[in-house]
Each structure stands twice: as C-alpha cells, then as structure tokens.
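Asker: This is the structure I want to talk about, given as structure tokens.
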Amino acid sequence: MAARSKSLGLWFALASAATFGSSGPFAKSLLVEGWSSGAIVLLRVAGATLVLAVPTILALRGRWSLVRDNFLTILAYGAVAVAGCQVAYFYAVQRLDVGVALLLEYLGVVLVVLWVWLRTRRAPSALTGLGVVLAVVGLVLVLDLSGQSRPDLVGVAWGLVAATGLATFFVLAAEDSTLPPVALAGLGMAAGSVALGILGAVHVIPLEFAATPVTLVGGDVPWWVAIGELALIAAAAAYLLGVTAARMLGSTVASFVGLTEVLFAVLFAWVLLDELPGLVQLAGGVCIVAGVVAVRLGELRRGRPEQGPAAAEDADFPLPAGVA
C-alpha cells in the first residue's frame, strides 16, 4: 500500500507541476496589458476559493474544530505560501522570462532540504545531496550568468522572495495534520484572498485591472479566459494536487518532483507566448530533472524493506502517517 500510495503521489505531484506551470504565460499575457501582479493574484486566489468552497465545507462537515486546531497553519499557508509567493513570482515574471523566473522560485527546494536538515539534525543522503547540487547547477545554467542574457537583478530578487514562499508551501503541505488536503487548500486560498484584499485596500499592493483582450497563441482572447485558467487550473487544481502529493511523498520529494514545473512552464511559454530559453538554459533544465531523479532514487534506497523498520524511520522523506 505504501509503494502504491507513493506512486500515486508522484502522479499527483507531476499533475500539480503541470497545472502550476501554466500560470506564467497566462499571467504574463495580463501583465503586458496593464494588469498589476496584485490584481491578478487576487482574482486568481479568490476564484480558486469559490471553486474549493463546497469541497472544503463537505470535508469539514462535523469537524469544524479542525479549523481552530490548525488556525495558524492556515494563516501561514494563505499569507506566505499562496499570496506572498504568487505576488513575488508575478513581479519576477514582469522582469524575467517565465522559465527563468520559475527556476529562481524553485531555489525554495534547496531551502526545504536545509529546513529538514535543521529540524531533524540529520544530514541528507549522498543522493539527496547530489540532487541539490544538480539542481543548483541547473539554476546557474538557466540564469546564464556568463552569457549575454543576464536577468534583471530586481526580478532575481523577487524570484528569491518567491522561493521562500514556495519552501513554506511544501513544508506546511507535508505536515502530518488531521486537516484534509482540500480543506487546507480551500481555507488557505480564503486566507490569502483576505490578506491580498486588505493589502490592496490600504494601497500596499497596487490593484490595477484592464478589461482588454490578451494575446495568447498569436491571437486575442478575452481577459477573463486568462483569469479563469489561473483560478480553476493553475490555482484550485494545482494547490489541491500539490497538497495531496506532499502528504503522500513528504515535503522534500514533493518539492523536487515539483521542479518539473519549470519544464512545463517553458513548454507553455513556448506554445502560448513563443518564448523559448537558449540552449544553455535548456541544459540547465536537464540538470534539474537529473536532480529530481537523484532525490527519488535516494528515497527509494533508504526506504528498502530489507533494511528494516529503522531505515524507514531514518529516511529523509518519511511517508506521513495515515496516508498508506
């Protein structure tokens, strides 16, 4: 059952990466028409909140005390992992190519490994360390620091802020909690919507809207098509799949599999915006995928049945209780 659950978790993680990866091109199509990052994220998160409202209520029926017990987690998830991460990423997209901005955000994966190391006081396995090194090398190649396409430093800074939000998402989503995944996603979206609404009302985050068509696949489409995709697919479905995958796989493995979001984002940006990274940056993407494989192999090796129960307890990426 544990092996089957982890296999299913991998598929959920890949599906989450693909749906998350679609957000950059749709958001950028709105940004170039004059939308602000705060406005896009507010409508995206508010729309996802409405989509997840009924499943959240059904999941919590008769168990509303779980909301009180997990109140701080819900607030942190909504404010940092949802609102903060998305606003920072869209600010980065304003100044960088979609693929480059997303790869910067995924430095959060390294932060997850460091967090697990500090929390457990147990160094990652050799293969996990190799995965981190490959991921960092891939990020360096994607940034193409020695080439002629150096990224905007302000955009890089926003990408690093997004990395912190992403690390928070994987850590909170993987917690062994009695709160159902759909409830964490739905309530987190609601908390994020409230936070964004308050920040917009006091003018901390600009809220600028533009009811003009956006350009996708070389043609004009209504603005609400882009917002609908961001809310239904790139938010509601993506966060729900991501939380479920993190519960099944643990924060570290889920975050490394999530790196494939970069490849999906590059593909979507190519198809929808005709925006394709150079060869050096594509080589960096290959290194990142290799890092995902190394981490997955490290988990499987440390969790082999013949190593006994102690090995499972000592693994870097334990399966959360109650999932199997």
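The values are calculated or read from the model by the stated rules, or taken from the named source; none is laboratory data. Note that this is a predicted model, so its numbers are computed, not measured. Ideal geometry is used to build each Cβ from the backbone, glycine not excepted, and the neighbour counts take in all protein chains shown.
Asker: Return yes when Val136 is closer than 14 Å to Leu102 by Cα, modelled with pLDDT under 75 and not in a loop (DSSP other than H, G, I, E, B) and no when it is not.
Answerer: No: the conditions fail for Val136.
Asker: I'd like the residue in the stretch 176-191 that is of a type outside the set (A, V, I, L, M, F, W, C) and touching a Leu at 6+ places or on another chain (Cβ under 9 Å) and, out of all such residues, is farthest from Val140 (Cα to Cα).
Answerer: Checked the stretch 176-191; the qualifying residue farthest from Val140 (Cα to Cα) is Thr178.
Asker: Quick one: which residue in Ala245, Ala265, Ala254 is under 16 Å from the mean Cα position of the chain (by Cα), at pLDDT 80 or above and of a type outside the set (Val, Ile, Thr)?
Answerer: From the options Ala245, Ala265, Ala254, the qualifying one is Ala245.
Asker: Turning to a different aspect of this structure: For the stretch 55-77, name all the residues that are surrounded by 16 or more Cβ atoms within 10 Å (Cβ to Cβ) and in contact with a Ser or Thr (Cβ under 8 Å, 6 or more places away or on another chain).
Answerer: Correct list: Leu66, Asn70, Thr73, Ala76, Tyr77.
Asker: So, Leu111, is that one at pLDDT below 90 and either over 16 Å from Ala191 (Cβ atoms) or among the aliphatic types (A, V, I, L, M) (or both) or not?
Answerer: Taking the combined requirement at face value, the residue satisfies it.
Asker: Now a separate question. Of the residues Ala185, Ala226, Ala191, which is assigned to a helix (DSSP H, G or I), in contact with a strand residue (DSSP E or B) (Cβ under 8 Å, 6 or more places away or on another chain) and crowded, with 19+ Cβ neighbours inside 10 Å?
Answerer: On inspection, the qualifying residue turns out to be Ala226.
Asker: Being among the charged types (D, E, K, R), in a helix (DSSP H, G or I) and surrounded by 23 or more Cβ atoms within 10 Å (Cβ to Cβ) is the filter here, so list the residues in the stretch 78-105 that pass it.
Answerer: Glu105
Asker: Can you name every residue in the stretch 44-64 that is part of a helix (DSSP H, G or I), hydrophobic (A, V, I, L, M, F, W, C) and over 15 Å from Glu229 (Cα atoms)?
Answerer: Answer for the stretch 44-64, where residues must be part of a helix (DSSP H, G or I), hydrophobic (A, V, I, L, M, F, W, C) and over 15 Å from Glu229 (Cα atoms): Ala53, Val54, Ile57, Leu58, Ala59, Leu60.
Asker: Would you please list the contacts, defined by Cβ atoms under 9 Å and residues six or more apart or on different chains, that run from a residue in the stretch 185-198 that is under 11 Å from Tyr77 (Cβ atoms) to a residue that is outside any helix (DSSP H, G or I) and of a type outside the set (D, E, K, R)?
Answerer: Leu187/Asn70; Leu187/Leu179
Asker: Determine, yes or no, whether Val156 is in a helix (DSSP H, G or I) and surrounded by 19 or more Cβ atoms within 10 Å (Cβ to Cβ).
Answerer: Answer is no for this residue.
Asker: Right, next: Go through (1) at pLDDT below 90; (2) crowded, with 17+ Cβ neighbours inside 10 Å; (3) out of contact with any Gly (no Cβ under 9 Å at 6 or more places or on another chain) for Gly200 and report which single condition fails.
Answerer: Checking Gly200 against (1) at pLDDT below 90; (2) crowded, with 17+ Cβ neighbours inside 10 Å; (3) out of contact with any Gly (no Cβ under 9 Å at 6 or more places or on another chain), the one that fails is (3).
Asker: Among Val243, Val257, Val280, Val217, which is the only one that is surrounded by fewer than 21 Cβ atoms within 10 Å (Cβ to Cβ), in contact with a helix residue (DSSP H, G or I) (Cβ under 9 Å, 6 or more places away or on another chain) and under 25 Å from Ala135 (Cα atoms)?
Answerer: Within the list Val243, Val257, Val280, Val217, the selection yields Val280.
Asker: Inspect all residues belonging to the stretch 9-32 and state whether any of them is outside any helix (DSSP H, G or I) and not polar (S, T, N, Q).
Answerer: Taking every residue of the stretch 9-32 in turn, at least one turns out to be outside any helix (DSSP H, G or I) and not polar (S, T, N, Q).
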